[in-house]
Structure formats: structure tokens, C-alpha cells
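To start, the structure itself, in C-alpha cells.
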Amino acid sequence: MSITNEQELAGMQKVSEAVAYTLKEMINYAQPGMTTKEIDEYGAKILSGFGAKSAPYLTYGFPGWTCISVDNEFCHGIPTDERVLKEGDLINIDVSAELNGYWSDNGGSFIIGEDIHSHQKLVDASKEILQKAINNIKGGVRIADIGFLMETEAKKRGFKVIKNLGGHGIGRSLHEQPDELMNYRNRFDSRRFKKNSVVAIETFISTSSNLAVELNDGWTMVGNKGGYMAQHEHTIVVTDGKPIILTEMNEILN
């Protein structure tokens, strides 16, 4: 969507606060020995306290309130009672929701307990790349140039990007135009970021794979060549200068 008045901005700020606070609290809550279902239900309670509804459930009938992906799962992981978190696990939580007709999306990867499997370098790369991408987005900037920056920064750190996952426009529904805000330079993409538009910018930084493939459960995605992936995501408003980070309260880049 494009922000045209104060009321729309206030609506986007409210739903973004709901998803950002929920993500932050879920990250703080997650401990070794918990199931992903427990964490999901904890997040669901916080969202409903804001009066917000789970976006993946509303939009796609997703079997959970939030997406929680562990270790080799890249995204869209289904929260279950069977999945117990262990020390050193790489976990990604993605929280998106609807509130009063406005939609917002955010996510972050982190390590449970001690980093015994050395995932921190990947997590840090994803955070740094998201920060750099956001710092370079403003009205008139080519979407493909931000993709090029993301891939270049990933390669510099010895990582790859996932080429079939991307950020997206958001606001009046979960996925809007501009879609496919990729983590690489698509030379056929001549689109530019528009001032006042709302977009969810996300990284997909991986150790070995360059594509995400769906498992038989119809939701969970893993890498075509295995390995691990880190994702960080903010919903932002594009301006003439620095973007407004609507989901800043999640503190994922701290």
C-alpha cells in the first residue's frame, strides 16, 4: 500500500507494534526444552491481546499462528508438540498479522542458548545485510540494486542468497505489489521503490543452498543443497530519506 494520510500511517504503526512486540517476546521466551508449539501459543496470546489476527492463518489457513523454523528448516516451519528446542539450535520466527484492516510482517533468526554449532556468523551476516539494505532504500532507488547489494554483501562474508524467496509489498493484505523484492540483482527488473509505499524487506542468507524447496507437509521449506539459512525482516515505509522502520520495536538488529 501507499501511505496517503495520518490515519493510514497510524493503522500501520499499530499493527506493526503488535507483530514487533510479539516477535521480541517470543524470542526472549524461547529456551532449550520448549516445543515450537509452546512458543507459538505464547505468541498467539500476545497477538490476541493486541486484537491482532495471525496473517498466515487468515490468508492461507496455515496450521499455526506464527512460522517457527528450526535448524535445516528455512522458513514456514509448522509449530508442533514434537519439535523440542535444543541448546545451540538455529531458530527462525516469523510473525505477521492483521489489525483493523492493516497488515504487517517481521521475522528474525537467532540461536537458542549457547552457540555450540557456530551459527552466529550467519545470523550476524543476515542482520548486517538487512540493516545495509534498509539504509540504502529510498524513493527512486532501483529494486534490483538493493538485491545486488544484498547478494554482494552475502558473498563478501562467504554466504549465498536464496533466489526464490523475497520481500514484498504489504499493508492492506499480507502480500502486495511490489512483489519479489529479491536478494539478488534481477537484471530484467526495472522497478523502483516508490515514496510512501510500505514494504516488508527480508534477507535470506544461506550457507550452502541457493533455492528453497517445499517438504511433503506442504509448508516447510528447506535448502536444495541443505545447510542453514538466516532471515531477518522489517516492515518499512519508503521515504525520500531514511525509511521509517515500522517494526523497529522487535529489536532484531540490536
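The values are calculated or read from the model by the stated rules, or taken from the named source; none is laboratory data. What you see is a predicted model, and the numbers here were worked out from it, not measured in a lab. Cβ coordinates were reconstructed from backbone atoms using ideal geometry, including for glycine residues, and neighbour counts include every protein chain displayed. For accessibility, only protein heavy atoms count, side chains too; no ligands or nucleic acids. Shrake-Rupley method; radii C 1.70, N 1.55, O 1.52, S 1.80 Å.
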* Report the residue count in segment 1-32 for those that are farther than 21 Å from residue 68 by Cβ, in a loop (DSSP other than H, G, I, E, B) and aliphatic (A, V, I, L, M). => 2
* Go through 207, 152, 203 for me and flag whichever is over 22 Å from residue 102 (Cβ atoms) and touching a His at 6+ places or on another chain (Cβ under 8 Å). => 203
* **Out of 147, 158, 140, sole residue that is over 20 Å from residue 252 (Cβ atoms), in contact with a Lys or Arg (Cβ under 6 Å, 6 or more places away or on another chain) and surrounded by fewer than 16 Cβ atoms within 10 Å (Cβ to Cβ)** => 140
* Scan segment 226-254 and report the pairs whose first residue is under 10 Å from residue 134 (Cβ atoms) and at pLDDT 95 or above and whose second residue is open to solvent by 70 Å² or more (accessible area, probe 1.4 Å) and of a type in the set (Asp, Glu), with Cβ atoms within less than 8 Å and a gap of 6+ or a chain change. => 234/248
* Structure fact -> How many residues of segment 179-202 are hydrophobic (A, V, I, L, M, F, W, C) and open to solvent by 50 Å² or more (accessible area, probe 1.4 Å)? The answer is 1
* Residues of segment 34-87 being without any contact (Cβ under 8 Å) to a residue 12 or more places away in the chain and polar (S, T, N, Q), which ones? -> 48
* Looking only at segment 2-26, count how many residues are open to solvent by 40 Å² or more (accessible area, probe 1.4 Å) and touching a residue at least 60 places away in the same chain (Cβ under 8 Å). => 7
